[in-house]
Amino acid sequence: MRFLTVSGPPSSGKTSVILKALEVLKPKALKVGVMKFDCLATNDDRLYAAHGIDSKVGLSGSLCPDHYFVSNIDDCVDWGIRHGYDVLISESAGLCNRCSPHIKNCTAVCVIDNLMGIDTPKKIGPMLKMADVIVITKGDIVSQAEREIFALKVRQANPLATILHVNGMTGQGAGQLAAIIEHATAVESLRGAMLRVSMPSALCSYCLGETQIGKEKQKGNVRKMILD
Amino acid sequence: MKKLTIAELRATYPYVDDFFDVNGLVVENDSQTVAEYIYNLPYLFLENMGLEHESLIKHFRAFMSSMQGLDKSQVFAVDSLTIIGGTDKSGQREQTEVTIERGEIICIVGPTGSGKSRLLADIEWMAQNDTPTGRRILINNVVPPESWRFSLNHQLVAQLSQNMNFVMDVSVKDFVRLHAYSRMVRKPEKKIDDVISCANELAGETFDPSTPLTSLSGGQSRALMVADTALLSASPIVLIDEIENAGINRIKAMRLLVDQNKIVLIATHDPLLALSGNKRIVVKNGGINQVIKTSKVEKMHLEKIIGLDKVLTEYRERIRNGETLQHIL
Ligand SMILES: Nc1ncnc2c1ncn2[C@@H]1O[C@H](COP(=O)(O)OP(=O)(O)O)[C@@H](O)[C@H]1O
Ligand SMILES: [Mg+2]
């Protein structure tokens, strides 16, 4: 089964570009499934269903979304293989910029948009810097010059990635993404696979449900700002 | 390059600092090589940033080679662009094959929904029978390499449309500087002044270089986009989608672009723009219906339209400035 991780800040256009790319792949009649990881709620499963695409939703709720992702993704891949999928796409939002769901030897796509400001490529960490493919969206509504400046900043942040410009509304550029999805790395299982970078770590009292503020309550892996 | 210290690298490749900046790295001692610097970074620091020694080194090499590629890339000479017809919305074949030469202005006319923007999008995408129209685009009579679609160095096409807005949180001057930088312009200060003064000539109302980019008016934004495209962008093909209502000096804007020896295509409803081209493509129901050469008689009409436009502009200016039209005959 082909498997890839698609990540990107919230509202960057992940679902739109995936849908446009899958539209291009339609004539190939592949069995495609999407695993949507989110925190509290998502409507994306309905969007996928409206386009005739199977999807499953995982909501991390009160857990760290990344840790939730990594503790479920191997089962998702097993599930996909068990049900005879040709392609399985994991879609997840990067929330803290330090996180990244990308896995070694699994095609990794990061979706960002032109409206996020020129410092964004620098601010987004491994999710962008460790991706194989970076999809830039919303290029049709900003000036040509800003698009060029933004693309350069992305190139500087990740000089190894393939950069694609995809229009999530018209689907312009989706053909290339479709080819990447179709030829994503083949996997049999993720057991033993390695994350490209470690996940943000934390094990403090607040992880365990503490709600009261104050020194006495800060236990475990706590790090303090230097203010003076 | 491997043996050079950071100080030496900085002298030859000023953009090396962007590498440190984009990765959140601070260089305190520039007498070491980049490899030494990276291997001396504390593990905990890298862990916090989500980085690793090996991959950082790999990124550094790729960074330098892609920036050098950008630096060396020359403006690619486009002498002609050819549109080979596909099908219209009903699946009927378009008969046409249209070739446009360097320095030509071609207008695209047709009612809303007829397919003007689609035609421009086909050109931007360098369509090869892979868009809904089935059109194909040739550059200098041959199929352009697929890789150009992704390349930063081969930006063949620059676009300007009514949907585009400036979104960056910087001043006009800093914006132009950033663009000049991304084009690796050697002496940016002169270029920056040129672009801004040219934009001011095109705009109805002038603006200061320190103005925040996002607070420019619609007209000022278009004027700056045109000036920037003409003077700073390396793209030899310029696609313009309905910017007529923007309140800029359209005649000057077109002349500016053509003077830079660009191929210009404009989708428009504006008779002044439509007749200022050498030819106009008429689209109907998604297909190229005919190509009309602007005739001598039409050029005479154009003079008349320009005259009318002047009168209209003058009236507008007067009324805007609180004057009356009382004494004008
Ligand atoms: N030859 C064609 N085949 C199929 N669809 C087309 C064709 N030409 C245009 N369209 C579609 O028709 C719609 C309107 O076209 P558009 O280019 O936006 O019109 P205009 O810019 O003239 O107002 C768009 O959705 C476009 O993709
Ligand atoms: Mg249009």
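The values are calculated or read from the model by the stated rules, or taken from the named source; none is laboratory data. Just so you know, these numbers come straight off a predicted model, no measurement behind them. Cβ: placed from backbone, ideal geometry, glycine included. Neighbour counts: every protein chain shown.
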Would region A:113-122 turn up any residue that is buried (at least 24 other Cβ atoms within 10 Å of the Cβ) and within 11 Å of another protein chain (Cβ to nearest Cβ)? yes
Name the one entry in B:S151, B:S161, B:S114 that is at pLDDT 95 or above, surrounded by 14 or more Cβ atoms within 10 Å (Cβ to Cβ) and hydroxyl-bearing (S, T, Y). B:S114
Return the total of residues in region B:79-90 being surrounded by fewer than 21 Cβ atoms within 10 Å (Cβ to Cβ) and either assigned to a strand (DSSP E or B) or more than 8 Å from ligand 1 (Cβ to nearest atom) (or both). 7
From the residues in region B:266-281 that are surrounded by 21 or more Cβ atoms within 10 Å (Cβ to Cβ), of a type outside the set (A, V, I, L, M, F, W, C) and within 16 Å of ligand 2 (Cβ to nearest atom), which one is nearest to B:T313 (Cα to Cα)? B:T268
Just name the residue that is modelled with the lowest pLDDT out of those in region B:94-105 that are of a type in the set (V, I, T) and within 15 Å of ligand 1 (Cβ to nearest atom). B:T96
Take region A:166-186 and flag every residue that is buried (at least 19 other Cβ atoms within 10 Å of the Cβ) and outside any helix (DSSP H, G or I). A:V166, A:N167, A:G168, A:G171, A:Q172, A:G173, A:A184
Any idea which residue in region B:20-68 is farthest from the other protein chains (Cβ to nearest Cβ), counting only those that are assigned to a helix (DSSP H, G or I) and in contact with a His (Cβ under 8 Å, 6 or more places away or on another chain)? B:Y39
Quick one: is A:T107 of a type in the set (S, T, N, Q), under 12 Å from the mean Cα position of the chain (by Cα) and either within 27 Å of A:L160 (Cβ to Cβ) or away from chain B (no Cβ under 14 Å) (or both)? yes
Give the number of residues within region B:254-265 that are touching a helix residue (DSSP H, G or I) at 6+ places or on another chain (Cβ under 6 Å) and either modelled with pLDDT under 90 or within 16 Å of ligand 2 (Cβ to nearest atom) (or both). 3
Scan region B:104-124 and tell me whether some residue there is of a type in the set (D, E, K, R), away from ligand 2 (no atom under 16 Å from the Cβ), more than 24 Å from A:T162 (Cα to Cα) and assigned by TED's automatic domain parsing to the domain that holds B:L231. yes
